[in-house]
1. Keeping to region 222-259, report how many residues are part of a loop (DSSP other than H, G, I, E, B), open to solvent by less than 60 Å² (accessible area, probe 1.4 Å) and either under 22 Å from Leu182 (Cα atoms) or in contact with a His (Cβ under 9 Å, 6 or more places away or on another chain) (or both).
2. Show me the strands (runs of 3 or more DSSP E) entirely contained within region 1-104 in which 3 or more residues are touching a strand residue (DSSP E or B) at 6+ places or on another chain (Cβ under 6 Å) and open to solvent by less than 30 Å² (accessible area, probe 1.4 Å).
3. With respect to Asn143, is the statement that it is touching an Asp or Glu at 6+ places or on another chain (Cβ under 8 Å) and within 25 Å of Arg242 (Cα to Cα) true?
4. Name the residue, out of Ala173, Ala219, Ala194, that is surrounded by fewer than 19 Cβ atoms within 10 Å (Cβ to Cβ) and not aromatic (Phe, Trp, Tyr).
5. Is there a residue being touching a helix residue (DSSP H, G or I) at 6+ places or on another chain (Cβ under 9 Å), modelled with pLDDT of 95 or more and in a helix (DSSP H, G or I) anywhere in region 154-164?
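The values are calculated or read from the model by the stated rules, or taken from the named source; none is laboratory data. Being a predicted model, the structure only gives us computed values, none of them experimental. We place every Cβ from the backbone using ideal geometry, glycine too, and count neighbours over all the protein chains shown. Note: accessible area is taken over every heavy atom of the protein model, side chains too, but ligands, DNA and RNA are not part of it. Shrake-Rupley method; radii C 1.70, N 1.55, O 1.52, S 1.80 Å.
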Amino acid sequence: MTPDPEDLGDPDDPRLEPYTRMRERDLVGRAGRFIVEGEVTLRLLLGRRSRFRAESILIAPERWPRLVADVAACPEPPPVYCASKAVMSAVTGFPIHRGVLAIGLRGAEPAATALVPQPPAPALVVGLAGLTNHDNVGAAFRNAAAFGADAVILDGESCDPLYRKSIRVSAGAALIQPFARLPAEQDWLRLADALDLQPLAFSPGATEPLDALTVPARALLILGTEGPGLDAATLAQARPLRIPMAAGFDSLNVATAAGIALFTIARGQGRLGPS
């Protein structure tokens with residue numbers, strides 16, 4: 001059953017409180033909530049592949065007809081509030097152009113072990129170590145979804161994939177790509193050992209090129225932040241790999257490196273469709 005939208009004309013309406021000062025709240029957190037913007041990402045949030053659910057939707061009236069079916073298909077359709085873009089802008093604190101917002105609920109965080117197929121099944125896991133740039137995290141999630149990774153694991157220093165900009169850059173992949181945090185008591189090598197994954201650590205200083213690798217059936221791709229890269233202990237205990245580049249240049253954006261590495265491993269594991 002499709003809920004009837006409620007027309008709201010007062011920016012101070014208490015039902016709009018979760019949407020207020022969106023940029024400011026992005027910096028301090030939202031107590032188990034996150035913001036979704038745009039039709040594409042809202043459809044992903046409402047769809048069956050998302051482990052999250054929408055608490056409410058705030059939408060410009062002209063956008064509602066395009067989304068009625070998606071809301072109606074939800075097992076538990078959220079309340080829908082209609083407001084002009086002027087009201088939406090007054091509530092959020094900056095100009096709203098797309099006219100589609102929603103509040104998502106995080107729910108319980110899954111354990112990393114629950115997301116990875118058990119051996120001897122093939123597995124492809126991405127480990128993000130110290131990525132503090134929301135664009136890079138969002139792009140890494142988009143690559144993970146595009147190349148069929150089973151899960152993304154983030155360490156405690158990596159930023160939130162459900163930050164508004166991360167979701168946008170990921171093209172909504174952060175809403176459907178399984179992810180978890182690295183447990184505080186584990187490092188990357190202990191995680192790989194616990195899940196029977198071969199740890200592949202990417203570094204421009206490695207001697208073994210990616211294209212010489214015999215692709216393992218179960219792989220953990222560990223990517224560090226730009227600049228410092230991965231720590232020496234991880235590089236010493238994992239299998240370091242480099243992505244060959246033209247002479248005189250040895251640096252890739254970490255999200256680009258993730259895409260190349262994922263394509264190579266996913267193709268070797270037979271995860272990709274026909275050429």
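1. The number of residues fulfilling the criteria is 4.
2. 53-59, 80-82
3. no
4. Within the list Ala173, Ala219, Ala194, the selection yields Ala194.
5. The answer is no; no qualifying residue exists.
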